[in-house]
């Protein structure tokens, strides 16, 4: 079982390159919108949609003043577009009203905005503001369990457990790399263990624990 997160990070870097968020953005607002659109949608598809979306919607007022039907049409390829359009308008409105139009730079504060969950708040603060963050999505949960970093299942408990066990300066890199690893190698149903440098220390590979 691997306990040295620096070793995990170095092995993951050899497999996936530098830690990175695959959503394309140029400012915190864009990442917030992209994160909302990424729910039950691939980053690749979100990036295709936001390429034009971010040219059309440059400010918070652009999202607030556009008719919701038009916004729905613009984000339709990401799926669940009616609900996502409503969330976008609600989130932007709350940022403008509660925080004078400036996205909070604190995870706990950002997570109080309706439509921004804990995972999204960590993603936005970590990637937009380059602050320590533990991004617990389904990939992170699965891979961290398989390689024995944590045995917990609940996302909030996993986040708390990682924060206790892992040095703060490793939180974001570990999160982004485990997400990449879960997306491309350590898949849910058919993990490609032959490609994995962590397999000798992995419960899934060594013990067959799923």
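Tabulated results
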quantity	calculated
With Cα atoms, 0 to 90° folded angle of helix 5-16 axis to the chain main axis	70 degrees
Crossing angle, helix 81-99 versus the chain [Cα axis fit, 0-90 degrees, rounded to tens]	80 degrees
For the chain: relative contact order, % (alpha-carbon pairs under 8 angstrom, 6 or more apart)	24 percent
Volume per residue of the C-alpha convex hull in the stretch 82-181, rounded to whole Å³	102 Å³
Hydrodynamic radius of the stretch 28-129 per Kirkwood, over alpha carbon pairs, in Å	13.5 Å
Least to most buried among 93, 38, 144, 194 (fewest other Cβ within 10 Å first)	194, 93, 38, 144
Computed helical MRE - 222 nm, the chain, DSSP H runs ≥ 4 contributing -39500 (n - 2.57), nearest 500	-17500 deg cm²/dmol
The chain: angle of helix 155-165 to the longest principal axis, Cα-based, in degrees nearest 10	50 degrees
P(r) histogram, all alpha-carbon pairs of the chain included - 5 Å bins from 0, percent	1, 7, 15, 19, 18, 14, 11, 8, 5, 2, 0, 0
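Rule-based calculations on the coordinates, nothing more; no lab input. On a predicted model such as this, the values are computed, not experimentally measured, just so you know. Note: ideal-geometry Cβ built from the backbone for every residue, glycine included; neighbour counts use all protein chains shown.
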